[in-house]
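> Below is the structure I would like to discuss, written out as structure tokens.
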Amino acid sequence: MKKVLIITYYWPPAGGPGVQRIIKFTKLLPDFGWQPIILTVKNPTSPARDESLLEKIPENCKVYKTTTLEPFNIYKYFTGRKRNEALAKDTIIKSPDEKFSEKISRIIRANLFLPDARVGWIPAMIKQGLKIIKNDKPDIIFSTSPPHSLQLGAKKLAQKSGLKWIADFRDPWIEAIWESEIERINLISRFNKRLEMSILKNADVITMVSDGMCDLFRKKMDKQYETIYSGMDSVNNDAVKSQNFQIIYLGNMSKYQSPVPILKAIDMLPHDKKSLIQIMFVGKVYNDFIEQFNKYQDIKIETQNFLPRDEMMKIAKSASLLLLINFSSVYGKGHIPAKIFDYLSLRKPILAIGDKGGSLDELLIQTDSGRLFAENDIQDISLFIDESIKTWIEKSVILLDDNKLLDRYRTGENIKKLTRLFDQLLVKKV
């Protein structure tokens with residue numbers, strides 16, 4: 001069986017969509033003739049932890065873990081945070097109530113560690129990677145980011161070994177939404193762009209999570225870009241009735257994903273409809289939004305801290321609508337959040353808020369899985385909820401049909417496409 005060295009910073013028990021993408025790949029690659037070998041870190045700094053994902057690692061999968069040198073423990077000590085406290089992606093973004101120590105730490109981190117604070121993993125990654133290449137003899141390298149710093153280490157491994165290399169991007173580099181608020185000096189910003197271009201230049205193929213992201217990168221450099229979706233899996237969709245019309249949001253909610261439009265839309269409904277609704281947020285919610293919730297006293301709002309993926313999926317079976325809030329940015333139209341594939345597998349109607357006419361909008365229309373609204377389309381959102389409530393009253397459970405239009409988004413189809421890329425690169429090597 002051919003072998004692929006997969007370099008990933010996030011690996012169970014770290015949680016989050018990035019981990020779920022690579023776990024799915026690891027599980028199915030052998031079905032297509034490829035044995036994965038994982039290179040990761042022992043204790044990643046992760047915004048979530050999901051012990052249940054450990055059970056999904058195939059028994060015969062080799063996993064190599066190295067130490068890593070990161071500034072986060074120093075940052076936590078300097079800012080008074082607990083050593084085991086999870087840090088979100090927006091840690092280095094300015095907040096209105098930040099302490100002076102947090103401001104200094106944020107500015108130092110943004111300008112000293114490029115492209116990100118995980119750059120300290122590169123030496124250990126290269127050292128262990130070369131050992132793996134010598135002993136396990138992988139046929140190809142596949143590196144997935146963020147953190148984008150690991151792509152620099154993957155580039156070195158490819159150059160030293162002569163192996164073909166695919167760089168996989170789950171988020172953009174320069175255009176990432178949090179990058180717009182990072183206070184970097186011009187010289188540092190220009191150097192960061194040079195780092196990104198070096199990856200695009202040297203990788204044999206670039207894979208992305210959406211067609212829109214491929215289009216974004218294609219404008220920077222003419223290269224082979226391929227969309228590999230994180231993929232939807234089949235789940236047990238036994239109907240679960242609920243006493244309320246439940247609108248459920250799964251996953252963490254950052255400052256860029258405002259729930260205010262959905263709250264305003266619900267607030268427009270007549271009292272008899274509004275009283276039927278329960279909106280539930282399962283995951284960490286940005287603090288300012290919690291304050292917004294208090295302004296809508298007559299709407300039943302429930303929040304639940306982050307849960308393992310399997311537990312979240314169980315809760316979502318009682319949903320009447322699944323809420324997805326995409327963010328507006330220079331690449332917002334091209335962004336397809338990873339959670340959409342869990343939503344699709346549940347076959348519940350999806351109410352999405354984001355940029356019209358983009359990749360997510362197209363996906364929902366193509367698969368007949370829901371509707372996307374601009375954040376200022378409050379009245380249309382309200383009407384959509386109203387119509388959904390009528391369906392729920394009539395049927396008690398809303399469940400969409402499975403259909404062939406979903407095939408291109410299934411995990412197996414995307415692993416098949418990825419392994420074709422692997423095979424094509426090996427032919428070119430010969």
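Read-outs: derived from the displayed coordinates by stated rules, not from any lab. Please read these numbers as outputs of a predicted model, since none were measured by experiment. Every residue, glycine among them, receives a Cβ derived from its backbone with ideal geometry; neighbour counts consider all protein chains shown.
> Pairing the Cα long axis of helix 411-429 with the longest principal axis of the chain, what angle in degrees results, from 0 to 90 and rounded to the nearest 10?
20 degrees
> With the crude spin-label approximation of a point 7 Å out along Cα→Cβ, what separation in nm comes out for V235 versus I365?
2.7 nm
> If you place +1 on the Cβ of every Lys and Arg, -1 on the Cβ of every Asp and Glu, and leave all else neutral, what size is the dipole of the chain about its Cα centre, to the nearest 20 Debye? Write down the numbers at each step before the final one.
Numbers: 66 positive and 52 negative charges, 439 e Å.
Approximately 2100 debye in magnitude.
> A follow-up question, please. Just to check I understand the Karplus step: with θ = phi - 60° and J = 6.51 cos²θ - 1.76 cosθ + 1.60, what whole-Hz values come out for segment 151-159, glycine and proline as x?
5, 5, x, 5, 4, 4, 4, 5, 5
> Another question, if that's okay. Where is the GNM fluctuation largest for the chain (alpha-carbon springs, 10 angstrom cutoff): Q297, Q151, Q246?
Comparing Q297, Q151, Q246 in the GNM, the peak value goes to Q297.
> Mean residue ellipticity at 222 nm from the helices of the chain, using -39,500 (n - 2.57) per DSSP H segment of n ≥ 4 over the full residue count, to the nearest 500 deg cm²/dmol?
Mean residue ellipticity at 222 nm (helix-derived): -12000 deg cm²/dmol.
> Right, next: Here is the link list: K193/K333; K56/K223; K134/K155; K2/K27. Which ones come out longer than 24 Å on Cα distance? Provide the component values of the computation, followed by the final result.
Numbers: K193/K333 22 Å; K56/K223 34 Å; K134/K155 17 Å; K2/K27 15 Å.
The pairs that break the limit, which is 24 Å between Cα atoms, are K56/K223.
> So who's got an amide H within less than 5 Å of the one on M208, skipping anything under 5 residues away but keeping other chains? H placed 1.01 Å off N, in plane.
Here F169, E226, T227, I228 satisfy the definition.
> Then there is this: Listing E183, E226 from the residue with the fewest other Cβ atoms within 10 Å to the one with the most, what is the order?
Listing E183, E226 from fewest to most nearby Cβ atoms yields E183, E226.
> Taking amide H positions as placed 1.01 Å from N in the peptide plane, with prolines and chain starts having none, which residues 5 or more places from I277, or on another chain, fall under 5 Å of its amide H?
Long-range HN contacts for I277: F245.
> Which residue, A14, S198, A48, has the largest displacement toward the positive end of the dipole of the chain when charges sit on each Cβ (Lys, Arg +1; Asp, Glu -1)?
The listed residue farthest towards the positive side: S198.
> How about K390: which lysines have a C-alpha closer than 23 Å to its C-alpha, ignoring those fewer than 8 places off in the same chain?
K241, K264, K273, K274, K300, K317, K348
> Would you mind checking which residues have amide H under 5 Å from Q35's amide H? H placed 1.01 Å from N; only 5 or more apart, or other chain.
Answer set, sorted by chain and number: K2, K3, V4.
> Additional query: Where does each of M213, M313 land when they are ranked from fewest to most other beta-carbon atoms within 10 angstrom?
The fewest-first ordering by Cβ neighbours comes to M313, M213.
> Taking a spot 7 Å from the Cα of C61 along the direction of its beta carbon, which residues of segment 332-364 have an amide N less than 19 Å from it?
Output list for this probe position: 338-339, 341-342.
> Express in nm, to one decimal, how much length is gained between D267 and L399 on full extension, taking 0.36 nm for each residue of separation and deducting their alpha carbon distance.
45.0 nm
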